[in-house]
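The values are calculated or read from the model by the stated rules, or taken from the named source; none is laboratory data. Just so we're clear, the structure is a prediction, and the values are computed from it rather than from any experiment. Cβ atoms come from the backbone with ideal geometry, glycine included; neighbour counts cover every protein chain shown. Heads up: the accessible areas ignore ligands, DNA and RNA and are worked out on the full protein's heavy atoms, side chains in. Shrake-Rupley method; radii C 1.70, N 1.55, O 1.52, S 1.80 Å.
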Amino acid sequence: MSRIFSGIQPSGELHIGNYLGAVKNWAQLQHVHAGSIFCVVDYHAISGNYDPAMLRARRWGMAKSLLAAGIDPAHATLFMQSDVPEHTELSWILTTITPIGDLERQTQFKDKSTKLESIPAGLLMYPVLQAADILLYRADAVPVGEDQIQHLELARDTARKWNARFGEEFFPEPRPLLTPTRRIVGLDGQAKMSKSLGNTVGLLETDDEIWAKLRPAMTDPARVRKTDPGNPDVCNIFQLHKAFSDTDTQANVVQQCTTAGWGCMDCKKVLHGNMIAEFTPIRERAAALDAEPQRVLDALADGGRAARAIAQETMAEVRERMGMGALTLPSA
Ligand code: SF4
């Protein structure tokens with residue numbers, strides 16, 4: 001049975017960036033890979049400054065959203081990372097075989113650390129914890145976006161190094177399963193969609209709230225007047241049509257845009273309708289979970305138990321191979 005593992009930051013309720021970039025794909029993969037394991041990575045979320053009350057709310061928002069978006073505990077293991085302390089144990093073990101230079105070369109570390117006066121060691125070690133997350137479950141594959149490929153390569157290196165020292169082929173080298181949707185740019189058209197940049201659309205926002213964000217969203221900057229033909233390939237709205245509209249509609253968008261048949265508002269209205277159609281069942285499931293929040297806790301408790309069982313088995317073997325298993329009397 002092939003096992004996949006992937007994690008998501010507890011950033012509160014899902015927005016279309018993390019939905020299209022990860023979770024929509026997970027909801028499909030769970031039916032293909034019987035051993036799908038999905039984790040809300042709250043240990044990762046404390047590697048920078050944060051507010052504990054906000055973290056608590058965001059962990060809840062993400063857990064509820066994942067269930068609402070279709071992660072089904074009958075098909076996948078869904079849990080909170082901090083419910084499985086073996087993540088941090090294996091992370092420490094892996095730091096002992098990871099060269100600091102490899103961590104300092106990580107693009108995300110370089111980007112984030114240049115903005116800080118004092119750099120927490122956790123920021124440097126972040127990819128080691130990611131490697132531990134994956135290797136703990138001895139996952140064969142990891143659904144990732146392109147921006148996570150470098151970290152996954154480090155996890156593969158780490159598996160090779162550990163195997164070479166302590167146990168041939170104990171850890172599989174996890175291969176990437178590239179998420180089909182490419183990086184989703186924010187509605188400002190400038191940067192990756194991210195809550196901290198305020199350029200997102202939440203799946204659980206109302207129809208009006210979503211329209212209020214879509215209406216002023218960036219389109220083809222060269223299309224100044226409605227009579228100017230546009231170029232869908234440079235327009236973020238067209239990228240969203242590719243995610244939410246069927247192929248006939250996408251072809252019609254290209255036709256209407258390049259001939260100035262539609263104005264951008266016409267185009268956005270069609271997109272808005274298709275987004276709402278996709279979000280409606282998700283919102284209905286979220287409302288049902290709001291009415292019965294114990295279901296979220298029960299799902300996470302079951303997932304935590306299943307994840308701990310695998311993690312404990314892995315760590316027993318890791319400790320044993322590293323000379324740290326239960327101490328026995330020295331042989332005479
Ligand atoms: S018509 Fe649609 S695809 Fe073309 S520029 Fe406007 S919003 Fe973008």
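Does Arg305 count as over 21 Å from the mean Cα position of the chain (by Cα), open to solvent by 60 Å² or more (accessible area, probe 1.4 Å), closer than 16 Å to Ala74 by Cα and of a type outside the set (S, T, N, Q)?
yes
Rundown of residues vs (1) crowded, with 19+ Cβ neighbours inside 10 Å; (2) farther than 22 Å from Glu313 by Cα; (3) more than 19 Å from the chain's Cα centre (by Cα), yes/no style:
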{"residue": "Leu103", "(1), (2), (3)": "no, yes, yes"}
{"residue": "Glu146", "(1), (2), (3)": "no, yes, no"}
{"residue": "His151", "(1), (2), (3)": "yes, yes, no"}
{"residue": "Thr158", "(1), (2), (3)": "yes, no, yes"}
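Kindly indicate whether Gly261 is over 26 Å from Ala191 (Cα atoms) and open to solvent by less than 50 Å² (accessible area, probe 1.4 Å).
Criteria met by Gly261.
From the list Gln256, Gln250, pick out the single residue that is without any contact (Cβ under 8 Å) to a residue 60 or more places away in the chain, near the ligand (Cβ under 8 Å from one of its atoms) and farther than 20 Å from Asp188 by Cα.
Gln256
Return the residues of region 92-131 that are aromatic (Phe, Trp, Tyr) and touching a residue at least 12 places away in the same chain (Cβ under 8 Å); say none if nothing qualifies.
Passing the criteria: Phe109, Tyr126.
Give all pairs with beta carbons closer than 6 Å in which a residue from region 215-237 that is on the phi < 0 side of the Ramachandran plot and of a type outside the set (Val, Ile, Thr) meets a residue that is open to solvent by 80 Å² or more (accessible area, probe 1.4 Å) and part of a helix (DSSP H, G or I); count only pairs at least 6 apart in sequence or on separate chains.
Asp220/Val234
When you go through Asp51, Asp72 one by one, which is the residue that is more than 28 Å from Asp157 (Cβ to Cβ), in contact with a strand residue (DSSP E or B) (Cβ under 9 Å, 6 or more places away or on another chain), at pLDDT 95 or above and surrounded by fewer than 19 Cβ atoms within 10 Å (Cβ to Cβ)?
Unique residue meeting the criteria: Asp72.
Quick one: count up the residues across region 171-185 that are touching a helix residue (DSSP H, G or I) at 6+ places or on another chain (Cβ under 6 Å) and of a type outside the set (Asp, Glu).
Summing the residues that are touching a helix residue (DSSP H, G or I) at 6+ places or on another chain (Cβ under 6 Å) and of a type outside the set (Asp, Glu) in region 171-185 gives 7.
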